[in-house]
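This report refers to the structure that appears directly beneath it.
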Amino acid sequence: MRMKLAFGAALLGLGLQLFAAHQAGAADNPLRFDLGSDRAKAATTANPADGSLTIKKQSYLPLYSSVALGGGATLVHLGANVTLRNISPDQPLVVTSARYFDRSGEMVSDLAGQAFTLKPMATIEVFIPITEQSVGLRGGRGGSILLDWAATGPIPEPVMEALVLGSSGPASFSFISRSVPVRVSQ
């Protein structure tokens with residue numbers, strides 16, 4: 001029994017150290033797609049010339065940083081793993097902008113920072129943290145991501161998903177939110 005308690009305490013200590021390191025780094029690093037990682041470098045390619053981009057569209061992702069339970073008496077804070085997938089087998093996808101908004105429509109973070117191009121069938125991700133002090137929590141229950149994207153020719157709509165996770169006491173919550181294309185009504 002003591003061995004199990006010691007192991008549990010060691011895991012808790014490690015988790016707290018990782019959380020503290022993440023918190024320290026979060027203040028220095030804005031919330032963005034990590035374009036400098038080896039995974040991102042493998043998923044991206046050089047941007048095509050601006051004049052060659054004949055398709056320009058937008059996608060919208062509803063994103064939840066918290067949910068209310070028990071008639072609103074309990075607020076559960078949530079983190080999200082957001083992925084952006086180019087589902088074209090042969091065309092690159094140019095991301096010209098990815099902006100994270102809070103429930104009042106104020107921009108919380110520019111997730112892209114610069115235009116980048118996803119290779120065919122490639123995926124890139126960003127983690128929206130769960131902590132009280134995080135920029136992620138500022139999105140609230142009405143947070144969203146607006147993705148501006150382009151291509152040099154016909155291409156399937158990209159898929160942007162958020163795997164949203166959180167817990168309250170012994171209960172854990174997870175669900176997926178999926179992007180929809182933005183279409184202008186006339």
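The values are calculated or read from the model by the stated rules, or taken from the named source; none is laboratory data. Keep in mind that what you see is a predicted model, and the values were worked out from it rather than measured. FYI the Cβ positions are ideal-geometry reconstructions off the backbone, even for glycines, and counts take in every protein chain you see.
Can you work out which of the residues in region 46-85 that are in contact (Cβ under 8 Å) with a residue 60 or more places away in the chain and charged (D, E, K, R) is nearest to E161 (Cα to Cα)?
R85
Which of the numbered conditions does L14 fail, given that it passes all the others? Conditions: (1) in a strand (DSSP E or B); (2) modelled with pLDDT under 80; (3) hydrophobic (A, V, I, L, M, F, W, C).
L14 satisfies all of (1) in a strand (DSSP E or B); (2) modelled with pLDDT under 80; (3) hydrophobic (A, V, I, L, M, F, W, C) except (1).
Take region 98-122 and flag every residue that is of a type outside the set (A, V, I, L, M), modelled with pLDDT of 95 or more and surrounded by fewer than 18 Cβ atoms within 10 Å (Cβ to Cβ).
Passing the criteria: K119, P120.
Does V126 meet the test of being modelled with pLDDT of 85 or more, surrounded by 17 or more Cβ atoms within 10 Å (Cβ to Cβ) and under 13 Å from L35 (Cα atoms)?
yes
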